[in-house]
Number of protein chains: 2
Amino acid sequence: MSTTPTAGRPRDPEVDRRIAHAALDLFADTGWAGFAMETVARRAGVGKASLYLRWSGKEALLTDAVTLRLARVADVDTGTLHGDLVELAAQMLDIYAGDTGRAALRLSLEAASIPGVAEHYEDMRRSQTAAARAIVRRGVARGELGRDVSVTLLLDTLIGGAMMHALTTPPERRGELARDTAGHARRLVDFLLGAVATPVIR
Amino acid sequence: MSTTPTAGRPRDPEVDRRIAHAALDLFADTGWAGFAMETVARRAGVGKASLYLRWSGKEALLTDAVTLRLARVADVDTGTLHGDLVELAAQMLDIYAGDTGRAALRLSLEAASIPGVAEHYEDMRRSQTAAARAIVRRGVARGELGRDVSVTLLLDTLIGGAMMHALTTPPERRGELARDTAGHARRLVDFLLGAVATPVIR
């Protein structure tokens, strides 16, 4: 084992990040069936003791890796509906066009049957849904969106449209998309707001 | 083994269907790692010999099960853009709200690394994309859609929106959705065509 930090030494955030990276990549490749502390340690280039110093077990490790690399939607509040929706769509494109896409898909398949991760994943999904709905509600309150607009349809088509675009972009063009997720996010939001936005005097 | 058909006996389509059902369900549960002829036979309530009489191996069996239970998009041509898009969205909802949803998700994750299935899955995806694009092209030709509409954005939001709706509907309400996929498909298409359709004199 190459590194064996003593209990008193402060944790190195760079090592934490490297471990989270290795953990999510391993989960993407093998799913829960192949997820083991030892394999994560080897992929991250750290000792197994290093992992057990930080996490009590693989459920806690995967939960932290998911939190660190996948969940950000709750923070979105740019001040305009258009800005918020572009940010939301860009985050989905970042997840699904980037190297976290397969891990996110696997989670939606397997999370429910992984003890500890199931509850965390449900909480994350619920808070993301709440954040997305708050974006639309603020848009209605600011008069950017009519009161009769279906929040469900708007968010299904926005989030699903971003995800579908990332998943159906051929591998050889995915890098190009990953470098300009904001550009595609804007085109997607302009397309959808054409259907439902209230004309606003600017 | 309960049934061991002799080589000359005609195949029973009901047995084929039952086997395809069991095969896709097993794949949904365990992925390729747990996919075995013996387990499919047990789940379908037929003998292993029965399976080998029909399929040379598990790649061929999974390929047939996928074809039988998942792929229908190519057939859509109702005569109107609205009708075609509703049919397309309803098929996506049928797949993802029904018991084939997890198998379809797993395929998008694992198909590329399963020999034999990879090529078939790519062909299927390509022909579905071509069929969806043909729907939009016919709509433009009939004057139901402007020539400047982004086919990509329309199909991403339609197909992604249907998939996202099915996946985020809570399990306890998924049965309700599965019984009225056509109703939700109509609402989704009406929402999207509000953004892009050319007003047509009816």
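Selection of region B:138-154 for residues being open to solvent by 20 Å² or more (accessible area, probe 1.4 Å) and either closer than 19 Å to B:R72 by Cα or touching a residue at least 60 places away in the same chain (Cβ under 8 Å) (or both) yields B:R138, B:R142, B:E144.
I'm checking my understanding of the structure. Among residues of region A:170-188 that are among the hydrophobic types (A, V, I, L, M, F, W, C) and out of contact with any Asp or Glu (no Cβ under 8 Å at 6 or more places or on another chain), which one is modelled with the highest pLDDT? Looking at residues that are among the hydrophobic types (A, V, I, L, M, F, W, C) and out of contact with any Asp or Glu (no Cβ under 8 Å at 6 or more places or on another chain), I get A:A182. Given the criteria hydroxyl-bearing (S, T, Y), open to solvent by less than 10 Å² (accessible area, probe 1.4 Å), assigned by TED's automatic domain parsing to the domain that holds A:Q91 and closer than 21 Å to B:V189 by Cα, does A:T157 qualify? Considered against the rule, which asks whether it is hydroxyl-bearing (S, T, Y), open to solvent by less than 10 Å² (accessible area, probe 1.4 Å), assigned by TED's automatic domain parsing to the domain that holds A:Q91 and closer than 21 Å to B:V189 by Cα, A:T157 comes out as yes.
Among the residues examined, B:R54 does not qualify as in the same structural domain as B:A28 (by TED's automatic domain parsing), charged (D, E, K, R) and modelled with pLDDT of 95 or more. Within region B:58-90, how many residues are among the basic types (K, R) and at pLDDT below 90? The total comes to 2. Suppose we filter region A:14-45 for residues that are modelled with pLDDT of 95 or more, among the basic types (K, R) and in contact with a Gly (Cβ under 9 Å, 6 or more places away or on another chain); how many remain? Residues that pass the stated criteria total 0. Screening the candidates B:G175, B:G139, B:G146, B:G116 for the property of being assigned by TED's automatic domain parsing to the domain that holds B:L88 and on the phi > 0 side of the Ramachandran plot yields one hit, B:G116.
Each residue in region B:51-89 was checked for being of a type in the set (F, W, Y) and open to solvent by less than 40 Å² (accessible area, probe 1.4 Å), and 1 of them qualify.
When region A:160-177 is filtered for residues that are among the small types (G, A, S) and open to solvent by less than 20 Å² (accessible area, probe 1.4 Å), the ones remaining, listed by number, are A:G160, A:G161, A:A162, A:A166. For residues that are assigned to a loop (DSSP other than H, G, I, E, B), open to solvent by 10 Å² or more (accessible area, probe 1.4 Å) and closer than 19 Å to A:A118 by Cα, tally how many sit in region A:11-36. Qualifying residue count, region A:11-36: 1. Candidates in region A:91-105 are the residues that are at pLDDT below 90 and charged (D, E, K, R); of these, the one that is surrounded by the fewest Cβ atoms within 10 Å (Cβ to Cβ) is A:D99. Selection of region B:106-137 for residues being open to solvent by 70 Å² or more (accessible area, probe 1.4 Å), within 27 Å of B:T30 (Cα to Cα) and modelled with pLDDT of 90 or more yields only B:E119.
The values are calculated or read from the model by the stated rules, or taken from the named source; none is laboratory data. In this text the structure is predicted, and so the values were computed from the model without any measurement. Don't worry about glycine lacking a Cβ; one is built from the backbone with ideal geometry, like all the others, and counts go over all protein chains shown. For accessibility, only protein heavy atoms count, side chains too; no ligands or nucleic acids. Shrake-Rupley method; radii C 1.70, N 1.55, O 1.52, S 1.80 Å.
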